[in-house]
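To start, the structure itself, in structure tokens.
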Amino acid sequence: QVQLVESGGGSVEPGDSLGLSCVGSGTIFTFHTMAWYRQAAGKQRGWVASVTAANYTDYADSKQDRFTISRGNAKNTAYLQMNNLHPRNTGKYCCNGRTEEENYWGQGTRVTVSS
């Protein structure tokens, strides 16, 4: 059974930084793309950033200068470094991993940014 487990969320103040981690397990395949999505309360999940197995990265426009997505050395791991956080970055951050055949999601880790 494929699992994605996120960690690293928490409650921080505006301007702080957080690093999120995602560890995938249960598959012999390497995810060709891993991504982070954010779901704010009462809103649809929105794409934040993606990284391919070849380390090509892509970001939602508003995140490009403050967020950094990366793949780990271990297979099917990904990270999201978030700097200078704003209250609008509050939400549940979910990790996504994709193979040619399947699309997998983690349960998410919650980030709250408030003063």
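General observations
- For a 4.7 Å threshold on C-beta separation, the list of partnerless cysteines in the chain reads Cys94.
- Taking all pairs of distinct alpha-carbon atoms in the range 39-106, Kirkwood radius in angstrom: 13.1
- Calculated from the alpha-carbon coordinates, the range 21-72 shows an Rg and a Dmax of 12.3, 36 Å respectively.
- Coupling constants for the range 19-26 follow from the phi torsions by the Karplus curve (6.51 cos²θ - 1.76 cosθ + 1.60, θ = phi - 60°), and in residue order they are x, 9, 10, 9, 10, x, 8, x Hz; glycine and proline get x.
- Compactness index (Cα Rg / 2.2 N^0.38 Å), the range 67-115: 1.35
- Note, ³J(HN,Hα) from phi for the range 100-115, Karplus 6.51, -1.76, 1.60, rounded to Hz, x at Gly and Pro: 5, 9, 9, 9, 10, 10, x, 7, x, 10, 8, 10, 10, 10, 7, 9
- Å² per residue, accessible surface of the chain at 1.4 Å: 56
- Ellipsoid semi-axes for the chain, based on the Cα gyration tensor and the rule √(5λ), read 23, 14, 12 Å when sorted largest first.
- Cα-projected label distance for Gln1 with Lys43, points at 7 Å along beta-carbon direction, nm: 3.2
- For the range 50-115, carbon and sulfur atoms together expose 41% of the accessible surface, with a 1.4 angstrom probe and every protein chain in place.
- Arg45 sits among other residues whose Cβ lies under 14 Å from its own Cβ, and their net charge, with Lys and Arg +1 and Asp and Glu -1, is +3.
- Relative contact order of the chain, taken over Cα pairs closer than 8 Å and 6 or more residues apart, is 37 percent.
- The length gained by stretching the chain between Ser25 and Glu101 to full extension, at 0.36 nm per residue less their Cα-Cα distance, is 25.7 nm.
The values are calculated or read from the model by the stated rules, or taken from the named source; none is laboratory data. In this text, all values refer to a predicted model and were calculated from it rather than measured experimentally. Cβ: placed from backbone, ideal geometry, glycine included. Neighbour counts: every protein chain shown. Ligands, DNA and RNA are excluded from the accessible area calculation, which covers all protein heavy atoms including side chains. Shrake-Rupley method; radii C 1.70, N 1.55, O 1.52, S 1.80 Å.
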